[in-house]
Every structure is written in C-alpha cells, then in structure tokens.
2 protein chains.
Amino acid sequence: MLSEFELIARHFARSPRAESHGVALGVGDDCALLTPSAGCQLAVSVDTSVAEVHFPADAPASAIGHRALAVALSDLAAMGATPRWCLMALSLPDVDDAWLAEFAAGFHALCEQSGVTLVGGDVTRGELAISVTVHGEVPSGTALARDAARPGEALAVTGSLGGANAGLKAWRAGERDLTRPLLARYLLPQPRLDAGQALRGLASAAIDLSDGLLPDLGHLCEASGVGADLDAAALPLADGLIKALGEEGAHRAALAGGDDYELLVSLPLAALEQARARLAEIGVVLTVIGTCSATPGVRGVTTVDGWQHFPRGET
Amino acid sequence: MLSEFELIARHFARSPRAESHGVALGVGDDCALLTPSAGCQLAVSVDTSVAEVHFPADAPASAIGHRALAVALSDLAAMGATPRWCLMALSLPDVDDAWLAEFAAGFHALCEQSGVTLVGGDVTRGELAISVTVHGEVPSGTALARDAARPGEALAVTGSLGGANAGLKAWRAGERDLTRPLLARYLLPQPRLDAGQALRGLASAAIDLSDGLLPDLGHLCEASGVGADLDAAALPLADGLIKALGEEGAHRAALAGGDDYELLVSLPLAALEQARARLAEIGVVLTVIGTCSATPGVRGVTTVDGWQHFPRGET
C-alpha cells in the first residue's frame, strides 16, 4: 500500500491557484493556513458519505468524488455562503490507483466549478467512506439560518423535487447511463450555491433538502417554532418523474424522497418577486409550495400515511 | 437506532459558553457560523482515528473520545496555533447510549481543557471511526511550518519519547490501568498546545511526533531541504521506559515508536535559552537531540537497521 503521504501527494496536491484563494499554506504540512476575509463570518460543516449507506459502492468513482463534495457544499448553499476551502478524510479498503485518480478527478472538477480549494486531508484504511469539511464565508449577519421563518411567510423551493429518488430507483433497476437526467440528479447532485447567495437579504430562513421535503421542512419548522400549510398540487415535480414513478409515486418522491439538494426557503411575500427575479438571472426557478403558519404541524399533504418519515438510511 | 439528529442533540449539543468563543451559531443548523479573529490566520487540519488501526476498539470510550481529539489538536500545537473550534464526523457500528455518553465525556473534557468548542458533526452507521477537523488561530505570519529549518540550527523535542510505544505494548500484554503513566501516554495523549504557542517567534520549524521521531524528522528535513546529525544518547526517554522495554527496546521506541505527540522543533542556537525558559514556565522540558545539517540524510543513530521505518499502521 502506498503511504498516506504518497497518496495525498499524487492525487490531492495543492492547486497551483491556491495562493490566490486565501491559502497561505495548503496540503502537506501539519495544518493548512487560511486567510479569512475581513467582515465575514465563516460557515463550516462536515458531511460523511458511506458506501452502501449514502451511495452505491459500484457507482463511477468520479461520481462518488463529486457527490461527497456536493452534499457538503449543499450545506453552504443553505446558509447563503460562498465556498472557500475544504478538507477530506478518506477511508479506503484498498488502494486502486485508477479508481483514486477518477475519484480525485470528480472531486477536483466540482472544486473548480464551485470555487472551493482542497487544503487538507487524511487517508486511512477502512470501509469506503468520505468525510468532507467545507468552509464558506458570508458577510457578517447575512447567513440564512433555519430558525427565522415567521408565520405568514411563503415557503418556496428551488428547482424541482423527486428526481433523485427516481434516479436511485433507476440505479437499483440497473440503469447506468449517467447522462439520464434522473440518474444524474441522484449521483451528480448540483448544490444550489448561486441560489443560496442570491437569496441572502431576501429569505428569512433556509435549509437544503437532503432527507426529503417533509422531514427537512419539519426541521425548519421546529427550529423556527412555526407550522406549515402546504399546497401539494404546487410541488415542482422533476421532468419525467410521473412517467418514471406514476402519479402517486411521483408525489411521494417529491415529498419524502430525499437527495434532491434543492433549497427550501421561507421569505416574506413582499420579497418574493425580487427573489424570483434574482434566481431567474441564474436560471433557477423558485416555486411557492405553501405558507408558514403560527399553528404547529404540517397540513395540506393528503398522503400523510406514515411513509413520509422514511429515515435517511433508506438509500 | 436513534436518528442522527437525536444523537447529536443528546450528546454533542452546543456548549453554553459557545457565544463567548466566536461561535455565532453552533451545532444544529446546516453550518456553524464562526467569527475569526482579526489579524489572524486560520490553521485547519483533519485526522481520522479508526478502531484497530489507530486505537484498540475495546479501549475505554472516554479514552477513545479524548484520543481522537488529541491527535487532531496535536497538529494545531505543531503550528503554534491557539485552538478555537472543532467538528466531528463519527461512524458507529451500532448505538450504545452508555458508550456514547462516555465517549462524549472524554471528548468534551479535552475540549474544555484545550479551549476548543465543538461546532458541528455528522453521525453515520459504519465501522467505528472518528474524523475530527480542528480550527486554530495564529497571528498572521507567525505559524510554525515544517519547511523553514536551516543548517546549523538545534533540533529539540518537548517532553519525553517512547512512552506511548511502551503503553501500546502494555495494552497488548493485558494492562488496563489507565493511571499507569506509560499506558496513559498511549491512550490519553496530551497535545503540546501551550508549548507550540510558546515557541512562536523562536522556533523556525516544527512538526508533531505522531509516526515516530525518525519518520517525522524525515518529513521535516525533506520539507526544509536539510539533513540532521542526531545525538542518540541525548534522547529524553520516558520515565520507566528502560525498565519496561530494556535498553535497546527503549531506544527503539524513542526513535521509531510513534504516538508520543511531542513536538520536534528546529531553532537557532541563539533562541535556545529563551525557548527553554518559556517552556519551563509551563512545566515542559526542551531537550536538544541534534543539529540541522546542509548534508541530506540522518546520521548519529547507530541502530539504523531498517526497523526505524515502521509504518504508521503498526498500531
């Protein structure tokens, strides 16, 4: 087995552009040294992706690398933060150089796309798992937390829902063509970073949809001390979702499927038009799906029969 | 199984002192929000501890919690950084509430002792492994990197060497009394945080001793482009080391044993007296063990017969 140092050096060396990204010292020393921006708060989160729990172990290595970073970046999106730096703790059962090269390519491509620089890591032997710690920045006081939704505000989601769940089902049915949009929604999620930043100053509260609309709405409502009246007919279903899963299956996937990594936000009605305009500029649709209520609980979902609380471990 | 959210809420909730520690938003939202100090650089590192690779799975849970954080903090010590915040990605094969409570107690106690606040985490099901990301701060430009050791400087180590290796052997031989100093050196390492900060402005380069003196000296020499002349007779052996391992075993443990988490520093001869005085104030002994050389390679170790390059995975 290659030593940890050789692995890191070969596949995860410091990007040549690091100096211009607030990185005084990158991969290879005891710590990375970073220069935070004046007037900003640091938004930090860690997410672990475990093979066969969060993704199929036999998915393409580049998709595994992309996805492990994407789910972590989605938390930055939900705060309205601008991505800056990340660290990766990688656990591998064995060393396959070709696999690692492909994994690193998927990871680095999303780093490049999202403007995040890999500044540190640790490689250990164990079952395949990837923990990614991400760092973003927000002008102080402007982050979108979960706890500030207020009764009377609109509840809205970016993009479309249910696609990742249909993609998961397609993968299980043997589909392997990652150019298929639903499968790509599951294996190559695109964190809504630009949308999160665009909603700063407009949305009161935000959360990313990782567990599913209903459970994540539950987290937002609980943190804010509000309830919700949903309009189930308004849910923006992913293209092809009804064809793939049928009418009921599509609504079930949209409500409880998980892994869509869209943003759910609460915002004053007066801010809605401007929010839609800002998102339209970056090609993102914002759909109102309900209203925050002073009455606890979630109403308006006629299919609430227990299945909406699928645990995260469903994958 | 308890949900991830319940686990985090129960054992790793935000410390009541968080607000006074630069934490605007702690555990429980999509991200933590942190306020970096003006004029400081951020030192960041991640370390993964895997059961049966880095620690015995049947060690006391509190020691596992302590140790997982300690090895990460040791990287901050090696940069001279002041600890601020940490995040933990915890992978558990199953949920044992008593084990988790004890694990959290060990983790939190070292948080308290070292002034670090837990601001985020992720809990997944898998083999027992703990990834800890630590954040520290240094006044800009004062961090102790690995690459600035210069020929003619003194090479010195804090504290004593070899104790952790003797403790590992004692554990394997059935010793379970954590009040025994050598076993404690292995299972309850104390990161040299105060010493690292005290050496800012005096040491040219530093590294923490995780792999062992010879491999870590190799990393420092390689990064700095220097060699080293060691004085093997000067190595500060841990108390009781010769009694535990014999004369040759003691020297072998001190040179290659790993897990001591002392600091190895290079510093100008002119700074030696002041460095010793500063460390004496905090009860830490600094021992000169050799000299940096312009000639590559490590000399002066008469027992170089191959065993000094024990891989990290020895544990």
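Observations, loosely collected:
- Of all residue pairs spaced 6 or more apart or on separate chains, those with beta-carbon atoms under 7 Å, a first member in the range B:182-194 that is more than 13 Å from B:Asp208 (Cα to Cα) and a second member that is of a type in the set (Asp, Glu) and surrounded by fewer than 23 Cβ atoms within 10 Å (Cβ to Cβ) are B:Leu183/B:Glu175; B:Leu183/B:Asp177.
- Candidates in the range B:173-186 are the residues that are more than 30 Å from B:Thr142 (Cβ to Cβ) and crowded, with 24+ Cβ neighbours inside 10 Å; of these, the one that is nearest to the chain's Cα centre (by Cα) is B:Tyr186.
- Qualifying helices (runs of 4 or more DSSP H) (wholly inside the range B:140-207; at least 1 residues being hydroxyl-bearing (Ser, Thr, Tyr)): B:181-187
- A:Ala253 more than 27 Å from A:Gly201 (Cα to Cα), modelled with pLDDT of 95 or more and in the same structural domain as A:Ala205 (by TED's automatic domain parsing): yes
- Residue within the range A:158-172 that is more than 30 Å from A:Arg84 (Cβ to Cβ) and without any contact (Cβ under 8 Å) to a residue 60 or more places away in the chain present: yes
- Residue match in the range A:213-231 (condition: in contact with a Cys (Cβ under 8 Å, 6 or more places away or on another chain), within 19 Å of A:Arg252 (Cβ to Cβ) and in contact (Cβ under 8 Å) with a residue 60 or more places away in the chain): yes
- When residues in the range B:134-151 are screened for being within 9 Å of chain A (Cβ to nearest Cβ) and among the charged types (D, E, K, R), 2 of them pass.
- Look at (1) under 16 Å from B:Thr117 (Cα atoms); (2) out of contact with any Ser or Thr (no Cβ under 9 Å at 6 or more places or on another chain) and you find that B:Arg84 fails only one, number (2).
- In the range B:121-147, the residues that are free of Cβ contacts under 8 Å to residues at least 60 places away in the same chain reach residues that are small (Gly, Ala, Ser) and not in a loop (DSSP other than H, G, I, E, B) with C-beta atoms within less than 8 angstrom, at least six apart or across chains, in these pairs: B:Gly126/A:Ala129; B:Gly126/B:Ser91.
- The set of residues in the range B:222-271 that are more than 14 Å from chain A (Cβ to nearest Cβ), touching a Gly at 6+ places or on another chain (Cβ under 6 Å) and not small (Gly, Ala, Ser) comprises B:Asp229, B:Leu230, B:Asp231, B:Leu237, B:Leu241.
- Test: residue in the range B:196-208 that is within 14 Å of another protein chain (Cβ to nearest Cβ), surrounded by fewer than 24 Cβ atoms within 10 Å (Cβ to Cβ) and not hydroxyl-bearing (Ser, Thr, Tyr): yes
- Subset of the range B:84-132 that is more than 9 Å from chain A (Cβ to nearest Cβ) and part of a loop (DSSP other than H, G, I, E, B) - its residue that is surrounded by the fewest Cβ atoms within 10 Å (Cβ to Cβ): B:Asp94
- Checked against the criteria, A:Ala72 counts as under 29 Å from B:Val23 (Cα atoms) and at pLDDT 95 or above.
- Criterion applied to B:Glu247, B:Glu262, B:Glu281 was being buried (at least 16 other Cβ atoms within 10 Å of the Cβ) and either over 21 Å from the mean Cα position of the chain (by Cα) or modelled with pLDDT of 95 or more (or both), and the one residue passing it is B:Glu262.
- Scan of the range B:224-244 for residues that are modelled with pLDDT of 95 or more and in a helix (DSSP H, G or I), ordered by number: B:Ser224, B:Ala234, B:Leu241, B:Ile242, B:Lys243, B:Ala244
- The listed residue being aliphatic (A, V, I, L, M) and within 23 Å of B:Val138 (Cα to Cα), out of B:Val288, B:Val226, B:Val284: B:Val284
- In the range A:19-78, the residues that are more than 7 Å from chain B (Cβ to nearest Cβ), among the charged types (D, E, K, R) and part of a helix (DSSP H, G or I): A:Glu19, A:Arg67
The values are calculated or read from the model by the stated rules, or taken from the named source; none is laboratory data. Given the structure is predicted, the values throughout are model-derived calculations rather than measurements. Backbone-built Cβ (ideal geometry, glycine too); neighbour counts: all protein chains shown.
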